[in-house]
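Written below as structure tokens is the structure these notes are about.
The values are calculated or read from the model by the stated rules, or taken from the named source; none is laboratory data. The structure displayed is predicted, hence computed values, not measured ones. Cβ placement follows ideal geometry from the backbone for every residue including glycine, while neighbour counts extend to all protein chains displayed. Keep in mind that these areas ignore ligands, DNA and RNA; they rest on the heavy atoms of the full protein, side chains included. Shrake-Rupley method; radii C 1.70, N 1.55, O 1.52, S 1.80 Å.
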Amino acid sequence: KELSAAAWNVRKFGLLLALFQVAFILFFAVFVQYDWDALPVSHRRSPPEVPHVTVISQHQSLDPSATVTNLSRTLQTAQQGEARLMIDVAAEKYPLRDYFSMYGDIQVMIFLAFGLLIACFKRYGYSAMGISLVLGAFVVQWATLMHGFLDLQDGHIKLSVITLISADFSIAAVLITTCVVLGTLSPLQYLLLAFIEVIFYALNVCVCQRVLHVVDAGGSIYLHTFAAYFGLAVSLVMNRPKASVRELKNLAHGSKVSELLAMIGTLLLFIYWPSFNSVLAPADLQHRAIINTAVALVASTVGAFSVSAVVSKEKFSMTIIQNGALAGGVAIGSTADLMIQPYAALMIGFSAGAVAVIGFKYVNPLLERKLHLLDMCGVQYLHGFPGILAGLVSALVCGLASKSAYGSSFYGAFPAAVPMQGTEDFAQLHAIYPSLEPGDGRSQWTQAGFQLIAMAVSVTLAVVSGSICGLVLKCKAFDPLQLDLMIDDAEIWSLPRNMS
Amino acid sequence: KELSAAAWNVRKFGLLLALFQVAFILFFAVFVQYDWDALPVSHRRSPPEVPHVTVISQHQSLDPSATVTNLSRTLQTAQQGEARLMIDVAAEKYPLRDYFSMYGDIQVMIFLAFGLLIACFKRYGYSAMGISLVLGAFVVQWATLMHGFLDLQDGHIKLSVITLISADFSIAAVLITTCVVLGTLSPLQYLLLAFIEVIFYALNVCVCQRVLHVVDAGGSIYLHTFAAYFGLAVSLVMNRPKASVRELKNLAHGSKVSELLAMIGTLLLFIYWPSFNSVLAPADLQHRAIINTAVALVASTVGAFSVSAVVSKEKFSMTIIQNGALAGGVAIGSTADLMIQPYAALMIGFSAGAVAVIGFKYVNPLLERKLHLLDMCGVQYLHGFPGILAGLVSALVCGLASKSAYGSSFYGAFPAAVPMQGTEDFAQLHAIYPSLEPGDGRSQWTQAGFQLIAMAVSVTLAVVSGSICGLVLKCKAFDPLQLDLMIDDAEIWSLPRNMS
Amino acid sequence: KELSAAAWNVRKFGLLLALFQVAFILFFAVFVQYDWDALPVSHRRSPPEVPHVTVISQHQSLDPSATVTNLSRTLQTAQQGEARLMIDVAAEKYPLRDYFSMYGDIQVMIFLAFGLLIACFKRYGYSAMGISLVLGAFVVQWATLMHGFLDLQDGHIKLSVITLISADFSIAAVLITTCVVLGTLSPLQYLLLAFIEVIFYALNVCVCQRVLHVVDAGGSIYLHTFAAYFGLAVSLVMNRPKASVRELKNLAHGSKVSELLAMIGTLLLFIYWPSFNSVLAPADLQHRAIINTAVALVASTVGAFSVSAVVSKEKFSMTIIQNGALAGGVAIGSTADLMIQPYAALMIGFSAGAVAVIGFKYVNPLLERKLHLLDMCGVQYLHGFPGILAGLVSALVCGLASKSAYGSSFYGAFPAAVPMQGTEDFAQLHAIYPSLEPGDGRSQWTQAGFQLIAMAVSVTLAVVSGSICGLVLKCKAFDPLQLDLMIDDAEIWSLPRNMS
């Protein structure tokens, strides 16, 4: 009987998924087009979207021109024209190349590494990898539409490798949230969770980036923190009595194989995280984002091992080491592309590793006991606390930033610091950098304030929308699982006869 | 006694392999040289092979020249000359960079992901990964020679990252075929299968690409369809009585670990398939190939899950989900770089996922019962049917294509549509695009016809040559396995004492 | 009691690790800065470090200039100036792109593939992956400092993707050495081993590259050979009685899962090795390094299978196949970027595969019996012998090299062959290639001699410093393990209740 109910639930899930797919096809047919550089050159009617990077690159192309002083003025003008032409041509021909190999890295993180990381429960490996795949496939389409509707261009949504990368960020948000309640939802509930979260996540990104102009290259504020607290709110609202929390945690143990697979996932995230934090940063900001992220991750790894070893009376735990090692990637996310210097990246990384280990070891059991808060994979300690750390650090770094320290990349790093349209300052700057967009003329401590506001907005929106989501998911219609069916692959998968 | 026969067979395999290697070294010494961009600049005597991409890029470089109208005519001429020079220099310096990161992606697909995907039988994981590695290593060399002999340049075979990519495509063909009969051949038979198939595959590629000018960026027609039906022909010719088909299928079950490893393989193929379908396409065609492939794959994943859930009365099967999720990559292969719009890519992907699931679930058992057709990994449903779907769709898309829809990339997408040498039309076009090669002046529906012809040729050649190959493999000399030795790692591998 | 001693040792390890981290942060704060291209353009006060590649690229940019003879002399001068400017600008803007995707490949090799490869013992998988991660994280920082101190620039150490790649090479050295004694050290001993080895490895690199000007693109001489014999010296000095060698080897068996994971590691190394051998080579040298490495690896794979099959009376061994398949990557390392022709790469690869298999099968048991030399993972046969083979081959290839064969890439391949400062020859060359650095005016057979000297220096320094390291590690203070605690994850990891 249990089984046939499960089969019925799976069929409902399949039907809803198919309906979504039909709707996506219709919406794609009406709204979605290839972006300009995926069109034939002759079809690029509107001037190509000048990506942020051009501000920087044109800027750079002007600097070294002083080295050709032996040329006549006419020739120099010609050359400047041509220099710009050449760069435009180059940019026009292969903008793809700037993003494609990093797109691959991020796809590995989202579709493979995350799946392996959450396949860490012996009894839930099939579901973890299967659910993360189908949610990923669903969210690519849904996030493309949601982000696109919030940023329509000529009434259309433009599809490119960059929008696919942005969709991957949305999948990251959904999978982070999923980790909080991993093993406790039915397929239908997972699907609805993804559907609802993408809406609010897209809103949050929109507010943080376009209204608040947050400095957050790796999305630690608008993505990691949001997703973690969205998930924790879902978990709290769907609250279970204390006994079941304990029972669930008992079921959620790993096997040697599952923990080694999770280690492969961890290492892939460790390796490719620099791409995640730097993919959308331009020129030297990108190089810094790579260096700072790589360096923060090695420090958080050292932090995880050393704090684990010193603080605890037990042996190393694979799961805690894995979470600690990655915490540096989150904690450096909001400041990765800034001039923080490598030693500061080491400090941020080490602190994050320490915070994650201590959170996992001491705070998690406490919250489980006191609040009956279920956090299946310790998301709060890999994404929540390090995300908040990232936000606080970013406020400090923004506040202390100076024009002399950032030089020619100042306005690239802090676009809201560009003077407002119509001011004398802007006119002067515009004369030098014709492609510069006007900003808000923010001072550095104002920017610091906005970093904190963005963090508050992210947490608040996450808690409110996560609670709503949790209430929806509790509805009988969406097949909430009985406790005895949780964390059990056999519920929806036909497993091999021989399990080992 | 069984064992010593096996040992003797292994030794024969080793000897033949060594002989092949000696022959390869001799042939390489006589025929194979570094391609032009792997030579010192001073040694590039012949003008560099102008790759197909240049047609497009020079075309693009002409378009924006209108933006420098303020320069004198002389200067403009100079600049055009220089613009071409600069592009040539740039192309000359690092053509490698355009291919190298995608080469890495494809190597992961061929050498790692494929091996993991076919390591899905609990009793045959060592052999699957070992055999796929050694066949890969063998085919890189043999395919380089075969493809090279069919395309000699100054009497030599030129080796570059591009020819290595093309060799990887040949390995894909051999491994797809191998999957049909996985576990039922001796090492010697695998080796001969690879030796024979590469010959006919190279012929098929030659006919489809150079004679028929098929539009098939990802090789769904000339590679996937060919390899699948080659393998099915081998399997039919080596036919076994009904009972043994059932028995073999019983041995071919997975374990939890083998199915999770196969899932890792699946995800790696899912992630890097856009590189496979786009690697040899130029400029905007490449960007479209990436977008369409990524989008088709998410739709086939959704298709696999939803059709599985709705159609069947059973729970999800890992193997079926894996096949269905990847079917979109095959089905989009022939049209990936065309202007089909994203929604059409979604439709193609979803259909492929559905077709694969239904084929695997209903058609496969039927064919096993009626035709005693053994298809160990369901190759017909991941490569055969989706390949045919790709061919049919490509005929439709080619027939409906218009010059207005493709604009400046029309002749890049349909090279056979370029007017014939000597015609007025060609002379006019040649004046604008000096590097344009003459074509056949095909109309769009003629191209559609050629797509279908290419499909018919691929299937026919596959069935004929596959049957021949099957007859050869049946010879006693090549150590056909007894049924009780099939799907058994222990036959050729010394396994660890503790198997878990 | 055993346990509490282990816990105490782990705590000592944690404390020391934390102290190192604090020291690293302090040293980074004082010495380490972003490299020039990670700084804002306006902050790049000193002229950018002209990387080696520029010699080649400027050289190339001069060649095709003959094609614009129709331009006036003035214009030509202007263009040359501009051509150089454009190339500089291009180089300045994205030097990162030339290295970043290969950096990712190498990170996969070092952090993931190596960990999987050495997770080949059933009882030591957690430790192998955990220890390789923490040692990697430690060495990134320590090697950055060590290499930096030996190459201070304006009193500072410059951090970039290139220095991170160079740190990855140091990790490779440490992990190769670790493999020799894998499972026999305490965490504290591993840490000290890494600390000590990095010092001597950095010295060896410095001597081989800057004093001896060794030709060794993939580091087979200064890295693989050094690391292997450093490890073997450590192992010999920490010598154990014969009985325990046998006992240890008995504990060091694999399981099916561990051997399949090791196969994944092997395949990842196989796939990305071309990046390792080519990452720092310029232009056509890089392309050759990729082709030669790829081709050598397929030949060593064929060599491993065929020699295994022919020579031995047993079935295939997963471990031996894995070692043999990779040996080609080491053996081609010193000549990968030279004009050796593909067939020679095949010969080198095949020989290496054969040597590795025979070494593993026959030499290893012999040395264990006669010298009581413990080589847990057969490092001598994957890194030692093939490294020496690489050195010998490189001497031969350097000796036979001619200016006519290398043409314009002669001085790029053999920088020490550039005439000395002040000579007439140098003045002439300098007029053509203004960025050419003076060399030693070495003849080709002199270079061959220096290849052998570099090999002798590497082996000697490895044996001496490895012996010192072994003596240090034997100290009671560093918690040498009792035999019964070796190769046992349970010693420092809390393992899942259910082990399968």
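For the range A:486-500, does any single residue satisfy the condition of being farther than 26 Å from A:Leu15 by Cα, out of contact with any Leu (no Cβ under 9 Å at 6 or more places or on another chain) and polar (S, T, N, Q)?
Yes, the range A:486-500 contains a residue that is farther than 26 Å from A:Leu15 by Cα, out of contact with any Leu (no Cβ under 9 Å at 6 or more places or on another chain) and polar (S, T, N, Q).
Of the numbered conditions (1) open to solvent by 10 Å² or more (accessible area, probe 1.4 Å); (2) more than 10 Å from chain B (Cβ to nearest Cβ); (3) assigned to a helix (DSSP H, G or I), A:Ile131 fails exactly one; give the number of that condition.
Against the list (1) open to solvent by 10 Å² or more (accessible area, probe 1.4 Å); (2) more than 10 Å from chain B (Cβ to nearest Cβ); (3) assigned to a helix (DSSP H, G or I), A:Ile131 comes up short only on (2).
Could you please let me know if A:Phe305 is closer than 23 Å to C:Pro496 by Cβ, out of contact with any Ser or Thr (no Cβ under 8 Å at 6 or more places or on another chain), at the interface with another protein chain (Cβ under 10 Å from one of its Cβ atoms) and open to solvent by less than 10 Å² (accessible area, probe 1.4 Å)?
Against the criterion (closer than 23 Å to C:Pro496 by Cβ, out of contact with any Ser or Thr (no Cβ under 8 Å at 6 or more places or on another chain), at the interface with another protein chain (Cβ under 10 Å from one of its Cβ atoms) and open to solvent by less than 10 Å² (accessible area, probe 1.4 Å)), A:Phe305 qualifies.
Only one of these is away from chain C (no Cβ under 14 Å), within 28 Å of C:Ile320 (Cα to Cα) and in a helix (DSSP H, G or I): B:Leu164, B:Leu193. Name it.
Testing whether each residue is away from chain C (no Cβ under 14 Å), within 28 Å of C:Ile320 (Cα to Cα) and in a helix (DSSP H, G or I) leaves just B:Leu193.
Search the range B:233-283 for residues being modelled with pLDDT under 85 and in contact with a helix residue (DSSP H, G or I) (Cβ under 6 Å, 6 or more places away or on another chain), and hand back the single one that is surrounded by the most Cβ atoms within 10 Å (Cβ to Cβ).
Selected residue: B:Ala283.
Conditions first: (1) modelled with pLDDT of 90 or more; (2) at negative phi. A:Ile487 passes all but one, so which condition is the exception?
(2)
Give me a count of the residues in the range A:136-156 that are of a type outside the set (Phe, Trp, Tyr) and buried (at least 24 other Cβ atoms within 10 Å of the Cβ).
7
When the range B:313-338 is examined, which residues are found to be open to solvent by less than 10 Å² (accessible area, probe 1.4 Å), of a type in the set (Gly, Ala, Ser) and either facing chain A (nearest Cβ under 9 Å) or closer than 17 Å to A:Ser132 by Cβ (or both)?
Within the range B:313-338, B:Gly324, B:Ala325 qualify.
Applying the selection to the range C:23-32, what residues are within 7 Å of another protein chain (Cβ to nearest Cβ) and either of a type outside the set (Val, Ile, Thr) or free of Cβ contacts under 8 Å to residues at least 60 places away in the same chain (or both)?
C:Phe24, C:Ile25, C:Phe28, C:Ala29
For a quick check of your reading of the model, give me the residue pairs whose first member lies in the range C:145-164 and is of a type in the set (Asp, Glu), whose second is in a helix (DSSP H, G or I), with beta-carbon atoms closer than 9 Å and at least 6 apart or on different chains.
C:Asp151/C:Cys206; C:Asp151/C:Arg210
Mind checking whether some residue in the range A:45-65 is more than 7 Å from every other protein chain (Cβ to nearest Cβ), at pLDDT 50 or above and open to solvent by 30 Å² or more (accessible area, probe 1.4 Å)?
yes
What do you reckon, is A:Ala299 within 11 Å of chain C (Cβ to nearest Cβ) and either at pLDDT 95 or above or open to solvent by less than 10 Å² (accessible area, probe 1.4 Å) (or both)?
For A:Ala299, the condition - within 11 Å of chain C (Cβ to nearest Cβ) and either at pLDDT 95 or above or open to solvent by less than 10 Å² (accessible area, probe 1.4 Å) (or both) - is met.
Within the range C:191-211, track down each residue that is surrounded by fewer than 24 Cβ atoms within 10 Å (Cβ to Cβ) and among the hydroxyl-bearing types (Ser, Thr, Tyr).
Within the range C:191-211, none qualify.
Looking at C:Arg210, C:Arg123, which one is among the basic types (Lys, Arg), within 12 Å of chain A (Cβ to nearest Cβ) and over 13 Å from the mean Cα position of the chain (by Cα)? Let's see the steps before the verdict.
Values: C:Arg210 fails: within 12 Å of chain A (Cβ to nearest Cβ).
Residue meeting the stated conditions: C:Arg123.
Output the number of the condition that B:Leu382 fails; it satisfies all remaining conditions of (1) surrounded by fewer than 24 Cβ atoms within 10 Å (Cβ to Cβ); (2) of a type outside the set (Asp, Glu); (3) under 18 Å from the mean Cα position of the chain (by Cα).
(1)
Name the helices (runs of 4 or more DSSP H) wholly within the range C:339-417 that hold at least 2 residues that are within 12 Å of chain B (Cβ to nearest Cβ) and within 24 Å of B:Ala18 (Cβ to Cβ)?
Where helices (runs of 4 or more DSSP H) fall fully within the range C:339-417 and carry at least 2 residues being within 12 Å of chain B (Cβ to nearest Cβ) and within 24 Å of B:Ala18 (Cβ to Cβ), they are C:342-358.
With (1) assigned to a helix (DSSP H, G or I); (2) at pLDDT 90 or above; (3) surrounded by fewer than 22 Cβ atoms within 10 Å (Cβ to Cβ) as the list, and A:Ala477 as the residue in question, which single condition is left unmet?
Against the list (1) assigned to a helix (DSSP H, G or I); (2) at pLDDT 90 or above; (3) surrounded by fewer than 22 Cβ atoms within 10 Å (Cβ to Cβ), A:Ala477 comes up short only on (2).
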